[in-house]
Amino acid sequence: MWNTEFESRSSEDPSPAFEMERKERIARLMELVQELTPNQREVVRLRFQNFHSYQEISDITKLSVGNVGFILNAAMRSLREKMERDDREEKNYLSHEICVGFGPDQRWSLPCHSPLFLCNASAKSISPITF
């Protein structure tokens, strides 16, 4: 059964890791939408969840079409900036040392794109690990 599923999967299908990342980004985007002002949230919801035109949103909200466009633009700019900030923070986080503790004085650390090191936290010394 597994072989059949594997064989039927197209090389163009997104990988499970890609799908997981996509779902995480969508979840984060939905969190950020909740941080928008109520006006922005409503316009974004009407536009992207209900697929209304600017004119339809204007009719529903009693805002001018120009105001709908302005609010939507401001909301999208805010969401884009917050997502880019999150991406920068994640990239910055991943570029820092990743440490796993094995005791009060020693820990394994793995700086991004470098060999594994053993750190002596109390002496502040770092020595490379060789295998």
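The values are calculated or read from the model by the stated rules, or taken from the named source; none is laboratory data. From a predicted model like this one, the values you see are computed outputs, not experimental measurements. Note that we place each Cβ from the backbone using ideal geometry, even for glycine, and neighbour counts take in every protein chain shown.
Numbers for the structure displayed
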| item | result |
| --- | --- |
| Output for the range 16-55, where each listed residue is aliphatic (A, V, I, L, M), assigned to a helix (DSSP H, G or I) and in contact (Cβ under 8 Å) with a residue 12 or more places away in the chain | LEU29, LEU32, VAL33, VAL43, VAL44, LEU46 |
| Residue match in the range 87-106 (condition: modelled with pLDDT under 95 and crowded, with 16+ Cβ neighbours inside 10 Å) | no |
| Candidate set: the range 56-77, residues that are of a type in the set (Ser, Thr, Tyr) and surrounded by fewer than 17 Cβ atoms within 10 Å (Cβ to Cβ); chosen: the one farthest from VAL43 (Cα to Cα) | SER64 |
| Subset of the range 35-55 [surrounded by 14 or more Cβ atoms within 10 Å (Cβ to Cβ) and hydroxyl-bearing (Ser, Thr, Tyr)] | TYR54 |
| Residue pairs meeting the criteria (Cβ under 6 Å; at least 6 apart or on separate chains; first in contact (Cβ under 8 Å) with a residue 24 or more places away in the chain, in the range 78-90; second of a type outside the set (Val, Ile, Thr)) | LEU79/LEU32; LYS82/LEU32 |
